[in-house]
C-alpha cells in the first residue's frame, strides 16, 4: 500500500474586527488541524491553544509507523477526550477561564487512509477534480434546523442563531466523537478552516479560489477574499495536497504559538 502525505500551505489572520487571534492550527505531513476558540478573547485563545498543543503532544502515539491502523484510529479518536479533559483541568486551575471552549477539525493520514475528527463549525473540504465536497457537518443549531427542513438555505444566511454551537470542546465530558474515513488519492486537495472563512465566502467562491493554483497562492487568495468581504472574524486556513513524499514540516499557527 502506498504511503501518502499532506503537502501544506497555511495562514492565520486576525481579521479586521477582532483585537486578538482565537484560532490555532497544527500543520504536518500526516496531521493537520484547526481550532477556533470561544469564551472571550483570553479564554478563546487559551482553549484553542490547549486543543492544538495537546493534540500535538498526543500525535506521536498514533503517527508511529509501527502501530497498526486500527490502533492508530482509536488513539486519534480518543485524543478528543484527552483534549476535553485538559480543558477541564485548566478551568479548575484558573476559574476565570470557565466557559471557554473550542472547535476542532483535524485530518490524519495513515498510509492511504484519511480520518476526519470534528467538533464544532470549523470545516473540512475535499477538492477532487472539479468537485468540492464539504466533508464535515457543522455542529450548530442552524445545521439542525436545516437538517429538519425547518428553515431554508436562504433563511439560514440571516438566521440569528447561525453561529450557535451544539457541540464544542469545553471540558464537560459529554462528547460523543466519531471518525469519518476516506481513501486518499494523489492530487486530491483538502481544506480545513475556521468559520472566519466560510462565514463570508460561499463554497462556490472557495472552489474558484483554490482550484488550479499552487497552495501558497490559493491560501493568500482566500485570506484576501475574506478581507475584501470585511473579515469580521479571525480566519485560519490549511490547504493540503495529497502527495507520495514527506515534505511538510510540523508548524503551529495562531494562538498556539504562545
List residues of segment 210-242, by number, whose backbone nitrogen lies under 19 Å from a label position 7 Å along Cα→C-beta of residue 130. 210-213
For labels at residue 185 and residue 164 in the simple 7 Å Cα→Cβ model, what's the distance in nm? 4.0 nm
Placing one equal point scatterer on each C-alpha of the chain and summing with Debye, one gets log10 I(q)/I(0) at q = 0.08, 0.15, 0.16 Å⁻¹ equal to -0.28, -1.06, -1.22
Cβ-derived FRET efficiency at R0 25 Å, residue 137 paired with residue 250, nearest 0.05: 0.35
Per residue, how much space in cubic angstrom lies within the convex hull of the C-alpha atoms of segment 34-108? 72 Å³
Counting just the Cα atoms, what span does segment 179-258 cover along each of its three principal axes? Round to the nearest Å and put the largest first. 38, 34, 28
Can you tell me the length gained on complete extension of the stretch residue 144 to residue 65, counting 0.36 nm per residue apart and subtracting the Cα distance? 24.6 nm
Could you work out the Kirkwood radius for segment 1-136, taking every pair of different alpha carbons, averaging 1/r and inverting it, reported in Å? 15.8 Å
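Just so you know, all these numbers are worked out from the coordinates, no wet-lab data involved. Worth saying up front: this structure is predicted, and the values here are computed from it rather than measured. Using ideal geometry, Cβ is built from the backbone for each residue, glycine included, and neighbour counts are taken over all protein chains shown.
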